[in-house]
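**Q** Pasting a structure below so you can have a look.
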Ligand SMILES: [Zn+2]
């Protein structure tokens with residue numbers, strides 16, 4: 001059985017192992033082992049325990065869903081989400097997709113999914129922000145839905161998931177129109193070692209989309225999952241922002257994003273209820289970065305991206 005002293009030593013050794021690697025966008029000839037974390041940074045890890053989730057940061061959450069939450073109606077689920085958000089001092093929560101997940105919704109399913117989000121927004125139009133869920137396999141119907149929910153409705157962003165890869169031309173008119181409306185475009189991305197879904201984008205695909213639409217504000221969802229590669233893939237695309245949501249709170253993730261992209265391109269999102277607010281906030285609150293950067297990541301960047309469209313819709317900033 002492990003006694004207290006050896007357990008403490010075990011944890012210290014584990015921490016050193018995690019922090020002994022500093023993640024960088026490397027040239028092919030460099031290896032991670034060339035980099036190490038200074039001893040003073042290792043010492044400061046214990047101090048980060050003092051960071052409380054009820055800290056004075058304003059928090060906007062980029063990434064939330066109704067699917068997976070308890071509740072018979074969209075409104076019931078929205079009320080529950082806000083109840084938990086209140087515990088963590090999260091003032092605003094972006095919602096997209098309906099009561100159940102659908103990889104490639106038909107036009108009818110798209111409308112239903114977006115209707116469910118519109119119903120959820122009724123619970124609190126200042127705190128809940130809607131993104132319209134579109135399937136570019138149905139380009140014209142997606143453009144109609146964009147008009148209904150963003151141009152003529154209360155939504156402020158576009159959500160693209162796994163129906164069509166971001167390299168496809170069928171995204172182009174959708175992204176152009178979203179940009180005209182001042183909406184941001186959230187593109188899910190992942191790099192799976194066992195292979196992506198056929199229509200699932202990689203962060204490299206997101207970079208391609210951003211190059212085709214340099215005036216658009218595009219979110220690289222989940223930082224590509226494999227975030228070391230994801231951050232490097234979008235580094236040179238200055239109109240791409242990283243979503244921190246949806247993976248484990250691994251040491252070094254947020255630090256690398258800030259170092260490589262600058263804190264103005266990093267945005268906190270949870271992917272609730274698939275992930276908890278607590279684990280996802282920990283990525284920012286526990287990161288070894290200045291408080292100024294945490295403020296940008298937790299609310300400042302998203303507010304700035306949405307300020308124009310919120311203002312035009314008369315939604316308080
Ligand atoms: Zn999600």
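The values are calculated or read from the model by the stated rules, or taken from the named source; none is laboratory data. Note that the structure is predicted; figures quoted are calculated from it, not measured. Don't worry about glycine lacking a Cβ; one is built from the backbone with ideal geometry, like all the others, and counts go over all protein chains shown.
**Q** Kindly provide the set of residues from segment 219-249 that are touching a strand residue (DSSP E or B) at 6+ places or on another chain (Cβ under 9 Å) and more than 16 Å from the ligand (Cβ to nearest atom), ordered by number. Show your work before the answer.
**A** Step one: list which residues in segment 219-249 are touching a strand residue (DSSP E or B) at 6+ places or on another chain (Cβ under 9 Å), which gives 219-224, 227, 230-231, 233-234, 237, 239-246.
Within segment 219-249, 231, 233, 234, 237, 239, 240 qualify.
**Q** Let me ask another. Within segment 228-239, which residues are free of Cβ contacts under 8 Å to residues at least 60 places away in the same chain and crowded, with 24+ Cβ neighbours inside 10 Å?
**A** From segment 228-239, those free of Cβ contacts under 8 Å to residues at least 60 places away in the same chain are 229-230, 233-234, 236-239; that's our starting set.
Scanning segment 228-239 gives 230, 233, 234.
**Q** Right, something else. If you scan segment 113-136, which residues turn out to be part of a loop (DSSP other than H, G, I, E, B) and either touching a residue at least 40 places away in the same chain (Cβ under 8 Å) or over 23 Å from residue 162 (Cβ atoms) (or both)? First the steps, then the outcome.
**A** Within segment 113-136, the subset part of a loop (DSSP other than H, G, I, E, B) is 122-127, 135-136.
Selection gives 122, 123, 124, 125, 126, 127.
**Q** Which one of these is touching a strand residue (DSSP E or B) at 6+ places or on another chain (Cβ under 6 Å), part of a helix (DSSP H, G or I) and more than 23 Å from residue 86 (Cβ to Cβ): 298, 305?
**A** Values: 298 fails: more than 23 Å from residue 86 (Cβ to Cβ).
Matching residue, one of 298, 305: 305.
**Q** Would you be able to tell me the number of residues in segment 185-200 that are surrounded by 23 or more Cβ atoms within 10 Å (Cβ to Cβ) and touching a residue at least 40 places away in the same chain (Cβ under 8 Å)?
**A** Looking only at that region, the number is 2.
**Q** Checking the condition free of Cβ contacts under 8 Å to residues at least 60 places away in the same chain, closer than 20 Å to residue 302 by Cα and within 16 Å of the ligand (Cβ to nearest atom), which residue from 95, 66, 81, 62 passes? Walk me through how you get there before you give the answer.
**A** Working: 66 fails: closer than 20 Å to residue 302 by Cα; 81 fails: free of Cβ contacts under 8 Å to residues at least 60 places away in the same chain; 62 fails: free of Cβ contacts under 8 Å to residues at least 60 places away in the same chain.
Exactly one of 95, 66, 81, 62 is free of Cβ contacts under 8 Å to residues at least 60 places away in the same chain, closer than 20 Å to residue 302 by Cα and within 16 Å of the ligand (Cβ to nearest atom), namely 95.
**Q** Could you list, in sequence order, all residues of segment 201-211 that are surrounded by 15 or more Cβ atoms within 10 Å (Cβ to Cβ) and in a helix (DSSP H, G or I)? Working first, answer last.
**A** Filtering segment 201-211 for residues surrounded by 15 or more Cβ atoms within 10 Å (Cβ to Cβ) gives 201-210.
Within segment 201-211, 203, 204, 205, 206, 207, 208, 209, 210 meet the criteria.
**Q** To continue, here is another question. Select from segment 250-289 the residues that are within 16 Å of the ligand (Cβ to nearest atom) and either free of Cβ contacts under 8 Å to residues at least 12 places away in the same chain or not in a helix (DSSP H, G or I) (or both) and list them in ascending order.
**A** 267, 268, 269, 270, 271, 272, 273, 274, 275, 276
**Q** Quick one: how many residues across segment 102-118 are within 16 Å of the ligand (Cβ to nearest atom) and surrounded by fewer than 16 Cβ atoms within 10 Å (Cβ to Cβ)?
**A** Qualifying residue count for the region: 1.
**Q** If you don't mind, there's one more thing I want to ask. Condition (residue is at pLDDT 95 or above, in a helix (DSSP H, G or I) and within 14 Å of the chain's Cα centre (by Cα)) applied to segment 237-247: is it met by at least one residue? I'd like the intermediate steps shown before the answer.
**A** Going residue by residue through segment 237-247, those that are at pLDDT 95 or above are 237-245.
Remaining after also requiring in a helix (DSSP H, G or I): none.
Among the residues of segment 237-247, not one is at pLDDT 95 or above, in a helix (DSSP H, G or I) and within 14 Å of the chain's Cα centre (by Cα), which makes the answer no.
**Q** Inside segment 144-171, can you point out the residues that are touching a helix residue (DSSP H, G or I) at 6+ places or on another chain (Cβ under 6 Å) and surrounded by fewer than 17 Cβ atoms within 10 Å (Cβ to Cβ)?
**A** Once the filter is applied, which keeps residues that are touching a helix residue (DSSP H, G or I) at 6+ places or on another chain (Cβ under 6 Å) and surrounded by fewer than 17 Cβ atoms within 10 Å (Cβ to Cβ), segment 144-171 yields 167, 170.
**Q** A further question follows. Would you point out the residue of segment 175-200, among those that are assigned to a loop (DSSP other than H, G, I, E, B), away from the ligand (no atom under 15 Å from the Cβ) and in contact with a helix residue (DSSP H, G or I) (Cβ under 7 Å, 6 or more places away or on another chain), that is farthest from residue 306 (Cα to Cα)?
**A** Per the criteria, the residue is 191.
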